[in-house]
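Some notes on the structure that comes next.
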Amino acid sequence: MKRRIDLLDEHYTVTVFGQPGEWRLQVGDGEPQPAALTVGTECKGTVQLGDQRADIQLAVKGETAYIRAFDRTFTLRIVDPVEQAAQEAGGSSNTARAPMPGTIVEVHVAAGELVSKGQPMITIESMKILTVITATRDGEVSEVHFEPGDTFDKNAALVTLKEKEE
């Protein structure tokens, strides 16, 4: 299983190999290391990576975990694969792009409409998963490139906002 995690505002690609009790963790291109995380009562436990081991305290709020270990507090966020694909799709902040191929389910905006950052603009279905694509900034919709039922490829422009005026 491969995932991106954000730790201390840095991005890491982490791959987990093996079976329960025999996990191996690879960070980036490094060597896979034996890994274990044990959390007991009152959100206390231990973490082990390779030959390093530490007692931890854990608190979770939403999708973010706060881990106290090695006399430091670490902020950890495991990035949802759909969100990761959307971030990797690239493109300018004026264009909402498809994180993967799929079908348009619902269009929430029209050309000329004002949108706010985070506002739903279009709902897509990819691999039987519904994803709402939201505005990355405040602005005015310039063009909606698809209608419900249309199919699209990865990185296709879905909705374009007008250029920001300086």
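None of the figures in this text is laboratory data; all of them are computed from the coordinates on show. Note that the structure is predicted; figures quoted are calculated from it, not measured. Please note: Cβ atoms are built from the backbone with ideal geometry, for glycine as well, and neighbour counts cover all protein chains shown.
Quick look at the values:
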item: Label-point gap, in nm, between Ile129 and Asp6 - each point 7 angstrom along Cα→Cβ; result: 1.7 nm
item: Percent of Cα pairs exceeding the 19 Å cut-off, where the set is the range 1-49; result: 33 percent
item: Two-site FRET efficiency, Glu165 against Arg68, from Cβ-Cβ distance with R₀ of 41 Å, rounded to 0.05; result: 0.30
item: Cross-link pairs beyond the 25 Å C-alpha cut-off, checked among Lys117/Lys162; Lys2/Lys61; Lys2/Lys117; result: Lys2/Lys117
item: Overall dimensions of the range 82-161 by Cα: Rg and Dmax, Å; result: 11.1, 31
item: Mean separation of Cα contacts under 8 Å, 6 or more apart, over the residue count of the range 90-153: relative contact order %; result: 41 percent
item: For Leu158, distant residues with modelled amide H under 5 Å away; result: Ala96, Arg97, Ala98
item: Calculated log₁₀ intensity ratio I(q)/I(0) where the Debye formula runs over C-alpha points of the chain, q = 0.11, 0.19 Å⁻¹; result: -0.62, -1.12
